[in-house]
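Taking it in order: structure first as structure tokens, then the write-up.
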Amino acid sequence: MQYILNVIRRNGMLLIFVFLELIALFLVFKKNIYHETILASASTSFTGYVNDKIAKVTNFVQLPQTNKDLMDENAFLREQLVHLGIKDAKTKKFYKSDTLGYHQTYSFVPTEIVNNSIIKTQNLLTIDKGTNDGIEKGDGIITNNGVIGIVTYAGKNYSRAISLLNKDININARIKGNQYFGTVKWDGKDPRFVQLYEIPKYIEVKKGDTIETDGKSPVFPEGIIIGKVVSKGIDETGEMKVQVRLKQDFANLAQAYVVTNLNKVEIQQVEKSDTITNTQNVQ
């Protein structure tokens, strides 16, 4: 207390001056409309600046949760699009897709890519979802930009997947528009491109054509983009080879969706019974 009193004694005149100045300023701005307007404007600008900075910090802190919420919402919307058969979400045009004709129902689980490689010939992915989240071996993995892989092992909380950039994976695909289908493979060279095979040589394939999933496998719904045609040619076996530039940049993978076909087990069981077990002679 004595210290405070000593400070007041030593600086008494200065404190009185500052106090009177504040009173004078208050009276000027309070009694003069022009000055009051300036003060209000300055106060509003300062408050807005501070609030803006606080909001940016808050949004940054909440960004992971915001991203998760958006992924959950997108997963729900994807399920609705497949269920309703909406091919073009922008134009809201409805149609009955082949996928629905196969009685395939899909769920989409948001996930994050925690590990990814692109420099090997047999690249793999690790995601942060597992059996606790309903993930199973054989589930597909996609992003907003297309197909990226298939789950090969599902742990409780994490899963391993074979990347589309792996020489051991084949994906059923078609040329959007003419519906001719073939198989997409990767030749192990450039991670920006995959190759489409088994397209008849008499089919017209043009640069810029979209390559997408055909919906005929139990892994991916139809219409999931893979990439765009950049060139075509004939390989050493005389088969047409189409060069496809991937829409998804595999060097920049972060968020994805695991696609689960809810009828996958039944489809696989049916496909295993291809041999005729009962043969009868019709008289």
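The values are calculated or read from the model by the stated rules, or taken from the named source; none is laboratory data. Computed from a predicted model, the values in this text were never measured in an experiment. Ligands, DNA and RNA are excluded from the accessible area calculation, which covers all protein heavy atoms including side chains. Shrake-Rupley method; radii C 1.70, N 1.55, O 1.52, S 1.80 Å.
Dividing the mean sequence gap of close Cα pairs (under 8 Å, 6+ apart) by how many residues the range 120-230 holds gives a relative contact order of 22 percent. Given a 1.4 Å probe and the protein chains as shown, K120 ends up with an accessible area of around 120 Å².
Compute the whole-percent fraction of alpha carbon pairs in the range 122-173 spaced more than 14 Å apart. Above the 14 Å cut-off, the range 122-173 has 47 percent of its Cα pairs.
Full extension of the chain between Y197 and K156 gives 11.1 nm of extra length, using 0.36 nm per residue less the Cα-Cα distance.
Please compute the length gained on full extension between K189 and V230, using 0.36 nm multiplied by the number of residues separating them and subtracting their Cα-Cα distance.
Numbers: separation 41, 0.36 × 41 = 14.76 nm, distance 1.57 nm.
Roughly 13.2 nm would be gained on extension.
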